[in-house]
Amino acid sequence: MNNVKSLNKWANSHTYLPVDLLRMALGVFLFMKGVYFVSNVQYLVDLLSPIDKFDKFGGGMFLVHYIAPAHMIGGILIFFGLLTRWAIIAQLPILICAIIINFMGHMHQQNLLLAVVTLGICIFFAIYGSGKNSADYYFKMEK
């Protein structure tokens with residue numbers, strides 16, 4: 001717990017507007033990706049097709065119903081800076097699997113690049129936190 005408090009103190013003393021805009025852009029990107037997956041479920045099923053070879057218990061349908069809502073809800077939370085670290089922790093398995101799936105099936109270079117960049121930004125914000133211009137900071141200062 002002390003590590004999180006020390007990270008928050010460091011992040012709040014080193015907060016810059018471009019970093020907050022990057023966090024907000026990440027939230028919008030994840031939300032739009034979730035909306036895209038909801039509107040094009042077959043595309044998501046096609047992306048997850050390499051897993052079907054190893055899927056014996058119907059986990060593919062679970063993934064389809066986990067990925068889109070996790071992106072949408074996580075994107076909203078990340079945009080507002082509310083429970084940012086928790087929202088990003090929910091995104092990490094999705095992004096890691098997105099990278100792995102590109103090596104298991106047909107290589108989509110654009111999807112691989114997006115997943116790697118998004119994973120890097122998510123890892124940064126998992127360490128950095130939501131920053132000073134966020135709902136987390138606002139609610140913390142309300143006390």
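Laboratory data are not the source of any read-out in this text; all were calculated from the coordinates shown. Note that this is a predicted model, so its numbers are computed, not measured. Note: ideal-geometry Cβ built from the backbone for every residue, glycine included; neighbour counts use all protein chains shown.
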In order over segment 107-113: 3J(HN,Hα) from phi, Karplus 6.51/-1.76/1.60, θ = phi - 60°, whole Hz, x for each Gly or Pro, gives 6, 9, 5, 5, 5, 5, 5
Check: in segment 2-142 the Lys pairs 8 or more apart or on separate chains whose Cα atoms fall under 29 Å apart number 8
On the formula 1/(1 + (r/R0)^6), with r taken between the Cβ atoms of residue 89 and residue 45 and R0 of 25 Å, the FRET efficiency rounded to 0.05 is 0.50
